[in-house]
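Only one structure is covered here, and it is reproduced in the block below.
The values are calculated or read from the model by the stated rules, or taken from the named source; none is laboratory data. What you are looking at is a predicted structure, and each value in this text was computed from that prediction instead of being measured. Don't worry about glycine lacking a Cβ; one is built from the backbone with ideal geometry, like all the others, and counts go over all protein chains shown.
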Amino acid sequence: MTKGYHDRNPVEIATRDEEFEAFFRKAAFEDRQRRDDEYAEAKRKEGVDPEKRDKLRVSEVGYAVGESACSRRFFYEFHGAPRDPMTMEQLVNLGVSSLAGFWVANILARAGRVHKVEVKMDFEPFPISGRLDVLCDPETHRVIEVKAVTTEQFGYLPKQEHFDQPTLYVWAVRRAAAMGQLEPEFLKYTPSVFYVARNARKGQPTHAAYAVPYSEKHALEVLQEMTRVRNIANGDVLPDRPKGFSRSDFPCSYCSMKQHCWSAQENLGLALQQSVEATQKA
Ligand code: SF4
């Protein structure tokens, strides 16, 4: 065994640098807070109250449409209920995922294929907002949604909710082209999802691209369903938990409102609401 420049093997004598780990953990949370504050400040400058939501985001389509949909989650968000504190695992995953998006965009840009990245899209009159990942050049004519996933997830891909995101962006891009806000070439754009594995070992899948069959009808159905969910979220009545949802299983186990939603107080409120409804029916 090499001893290097020490009398003893450095790997054997090394200890965890807990001081730096603690520093990084603190800095990561502070950075997140700083970003949230900057976002809130930018919203205030636009004349928008950062505490008040009135739109769903395209990236939230999986929580609004399909088997894992839960309008209760959005009701909480729109009414300012406390979110669960973010964990270090979530921070690391968020950081790595956004890096994957930039990495892919950089490669495409150096190949001369990127028209724009992180483009804010207009969905008016639908109460939806969104920022697409990568808009390729008019030759490649694709709207690309980049997803950083684990190799274990590859067996369960692709997912409809991932298809829905670039589908909605293509709807907005084509509409802008039809209205003359973009060149007619953009009417040819189609959606694509590009999965990148963030933990591939030798021989394991590293990436997969899917060309999503575009359907304007489907895009409109999704936009209408998201509008319905947004209207519930903006209303006065707390929606029930969807049937079959349990605290320990997906999607509740990953929900940022889990602690609040399953708290004793919320359960009591739900029980009271159900008892009032039962009495009214009797
Ligand atoms: S914890 Fe489950 S039921 Fe509650 S808001 Fe989240 S997803 Fe919906």
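Taking residue 206, is it surrounded by fewer than 15 Cβ atoms within 10 Å (Cβ to Cβ) and hydroxyl-bearing (Ser, Thr, Tyr)? Answer is yes for this residue. Which of the residues belonging to the range 82-93 are part of a loop (DSSP other than H, G, I, E, B) and either of a type in the set (Val, Ile, Thr) or surrounded by 17 or more Cβ atoms within 10 Å (Cβ to Cβ) (or both)? Result: 87, single match.
Annotation note: of 73, 32, 25, the sole residue that is surrounded by 15 or more Cβ atoms within 10 Å (Cβ to Cβ), away from the ligand (no atom under 16 Å from the Cβ), in contact (Cβ under 8 Å) with a residue 24 or more places away in the chain and part of a helix (DSSP H, G or I) is 32. Within the range 206-233, the residues that satisfy the criterion of being among the hydrophobic types (A, V, I, L, M, F, W, C) and part of a helix (DSSP H, G or I) are 219, 220, 222, 223, 226, 229, 232, 233. Within the range 130-142, can one find any residue that is assigned by TED's automatic domain parsing to the domain that holds residue 65, out of contact with any His (no Cβ under 8 Å at 6 or more places or on another chain), closer than 29 Å to residue 231 by Cβ and surrounded by fewer than 18 Cβ atoms within 10 Å (Cβ to Cβ)? Yes: one or more hits. Of everything in the range 229-254 that is within 16 Å of the ligand (Cβ to nearest atom) and over 30 Å from residue 91 (Cα atoms), the residue that is surrounded by the most Cβ atoms within 10 Å (Cβ to Cβ) is 235.
Within the range 57-70, being more than 8 Å from the ligand (Cβ to nearest atom) and either in a loop (DSSP other than H, G, I, E, B) or not aliphatic (A, V, I, L, M) (or both) holds for 57, 59, 60, 62, 65, 66, 67, 69.
Looking only at residues of the range 41-56 that are within 19 Å of residue 238 (Cα to Cα) and at pLDDT 90 or above, we find that the one that is nearest to the ligand (Cβ to nearest atom) is 56.
There is at least one residue in the range 37-51 that is touching a residue at least 24 places away in the same chain (Cβ under 8 Å) and in a loop (DSSP other than H, G, I, E, B).
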